[in-house]
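Engineer: Dumping the structure here so I can ask a few things about it.
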Amino acid sequence: MAATMERQPEDLERILADRAPVETAAARIAGRRVFVVGTGTSFHAANQGAYFLRLAGVDALAVSAADAALHGPAPTRADALVLLSHRGTKRYTSEVVEWARAEGIPTVAIGGIGAPGADVETVEQEKAGTFTASHLGALARLAQLAASLGADLGELGRVPGAVAAVLDGPSPDVEVPERGLDFVGAGPNAWTAAEGALKVREAAHLFTAGWATEQLLHGPAWALGSRDALVSLDGGGPGAERLGELGDAIEKRGARVYRFAAGAPDLGEALSVFPLTVVVQRIALDFATELGTDPDNVRPPEWDVIGL
């Protein structure tokens, strides 16, 4: 996990210099409603990707792969599918992409280098199960896709430097709490919060949760007290003030609140997801190191009987 995280600026530089496959993909889905589908970390990226696409005026929605396969909603022939899967082997993402292509639905599969059926590749296959570089790689491809369709996300060329600054900077210095740890963010960083909770659970085996500001405020925040901690992820934007107010209120209840901003204030809310994702990756790795867990192995043997 640590070695993969360190290479992220280099991976992003390479991806952002490679526009041809994304331009082809943009032409394939242009003018259609777009379903962005994934599982786990890729579902978090799907939600942020749908946000990027909506900034281009695209009618885009994120759907978990299991829902798209089993319950709906699912794309029709009038729609398009953007499918996210680093390895291209998970059960429901594979089912959805195979079904969509058989139905003649315009499809773009974003995945790791060498992933089966990937139209747009991201990074080399990760050895650690705590996907880090592949997640930022997918986000970079989604940002390129949105920009190709007209979204003004900010200067994509500044993203590798912003990521490097977090990796090269001081430790986030978040202490393992006595009891609970929550992550919270507004707008697209609600999904950065969800990714932080997932990464800490995978890497350090701690009970954590990730929230959007309003979801934490209306009920769950009542459980936070002196034995707990909150990581607040501020990417700017219209929800920043409300996020700050909530952090202040939770702090008054005795919880430890750690506040992180995007680093470069003029990076913009959309691109803030990149450096803030690296913040939560570092927290997860620090916790794993402190607690002696293996952040590279996230598949218990009991999972072997379940088709992932």
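The values are calculated or read from the model by the stated rules, or taken from the named source; none is laboratory data. These figures come from a predicted structure and were not determined experimentally. When we count neighbours, we look across all protein chains shown, and the Cβ atoms used for this are built from the backbone with ideal geometry, even at glycine. These area figures cover heavy atoms from the full protein model, side chains too; ligands, DNA and RNA do not enter into them. Shrake-Rupley method; radii C 1.70, N 1.55, O 1.52, S 1.80 Å.
Engineer: Mind giving me the nanometre distance, one decimal, between the label points for residue 178 and residue 218, set 7 Å out from Cα along Cα→Cβ?
Structural biologist: A separation of 3.2 nm, rounded to one decimal place.
Engineer: Using 0.36 nm per residue, how much length does the chain from residue 289 to residue 95 gain when fully extended, once their Cα-Cα distance is taken away?
Structural biologist: Net length gain for the segment: 66.2 nm.
Engineer: If you don't mind, another one. Going by alpha carbons, how many degrees (0 to 90, nearest 10) lie between the helix axis of 159-168 and the longest principal axis of the chain?
Structural biologist: Once rounded, one gets 30 degrees.
Engineer: Now for a separate question. Return the inverse of the average 1/r over all pairs of distinct C-alpha atoms in the range 88-160, which is the Kirkwood hydrodynamic radius, in Å to one decimal.
Structural biologist: This gives a value of 13.6 Å.
Engineer: Applying 1/(1 + (r/R0)^6) with R0 = 25 Å to the Cβ-Cβ distance of residue 165 and residue 249, what FRET efficiency is obtained, to the nearest 0.05?
Structural biologist: Rounded to the nearest 0.05, the efficiency is 0.25.
Engineer: Mean shadow of the range 29-156, computed from the convex hull of its alpha carbons, in nm²?
Structural biologist: Its Cα hull, projected and averaged over all orientations, spans 7.0 nm².
Engineer: Rounding to the nearest 10 and keeping the result within 0 to 90°, find how far the Cα-based axis of helix 240-252 lies from the longest principal axis of the chain.
Structural biologist: 30
Engineer: Still on this structure: Ordering 94, 226 by how much accessible area each has at a 1.4 Å probe, largest first, what is the list?
Structural biologist: Descending accessible area places them as 226, 94.
Engineer: Shape verdict for the range 202-308, please, from the Cα gyration tensor: rounded (a/c under 1.5), prolate (a/b greater than b/c) or oblate.
Structural biologist: Taking the square roots of the gyration eigenvalues as a ≥ b ≥ c, the range 202-308 is prolate.
Engineer: To continue, here is another question. Which distance in nm do the two modelled labels at residue 54 and residue 78 give, with both placed 7 Å along the Cα-to-Cβ direction?
Structural biologist: With each label placed 7 Å out from Cα toward Cβ, I get 2.1 nm.
Engineer: Okay, next question. Counting only helical runs of four or more DSSP H residues, what would the 222 nm mean residue ellipticity of the chain come to if each run contributes -39,500 (n - 2.57) and the total is spread over all its residues?
Structural biologist: -13500 deg cm²/dmol
Engineer: Kindly provide the Kirkwood hydrodynamic radius of the range 159-217 in Å, to one decimal, from all pairs of distinct alpha carbon atoms.
Structural biologist: Radius from the Kirkwood sum: 12.6 Å.
Engineer: Additional query: Express the accessible area of the chain per residue in Å², computed with a 1.4 Å probe while the remaining protein chains stay in the model.
Structural biologist: The answer is 43 Å² per residue.
Engineer: Taking a ≥ b ≥ c as the square roots of the Cα gyration tensor eigenvalues, with a/c under 1.5 meaning rounded and otherwise prolate when a/b beats b/c, else oblate, which class fits the range 8-87?
Structural biologist: Because a/c hits 1.5 or more and a/b fails to exceed b/c, the range 8-87 counts as oblate.
Engineer: When the C-alpha atoms of the chain are aligned to their principal axes, what extent does each axis show, in angstrom, from largest down?
Structural biologist: Principal-axis extents of the Cα atoms in the chain, largest first: 55, 45, 37 Å.
Engineer: Right, something else. Taking the alpha-carbon centroid of each part, what is the distance from the range 28-75 to the range 79-140 in angstrom?
Structural biologist: 13
Engineer: Further, regarding this structure: FRET efficiency for residue 3 and residue 205, Cβ-Cβ distance as r, R0 = 25 Å, nearest 0.05?
Structural biologist: Once rounded, the FRET efficiency stands at 0.75.
Engineer: Then there is this: Compute the angle between helix 91-102 and the longest alpha-carbon principal axis of the chain, please, reported from 0 to 90 degrees and rounded to the nearest 10.
Structural biologist: Tilt relative to the chain: about 30 degrees.
Engineer: If you roll a 1.4 Å probe over the range 218-260 with all protein chains in place, what percent of the accessible area is carbon or sulfur?
Structural biologist: Carbon and sulfur: 52 percent of the exposed surface of the range 218-260.
Engineer: If R0 is 41 Å, what FRET efficiency do you get for residue 23 and residue 242 from their C-beta distance, rounded to 0.05?
Structural biologist: 0.65
Engineer: For residue 67 and residue 103 in the same chain, what is the full-extension length gain: residue separation times 0.36 nm, less their Cα-Cα distance, in nm?
Structural biologist: 11.2 nm
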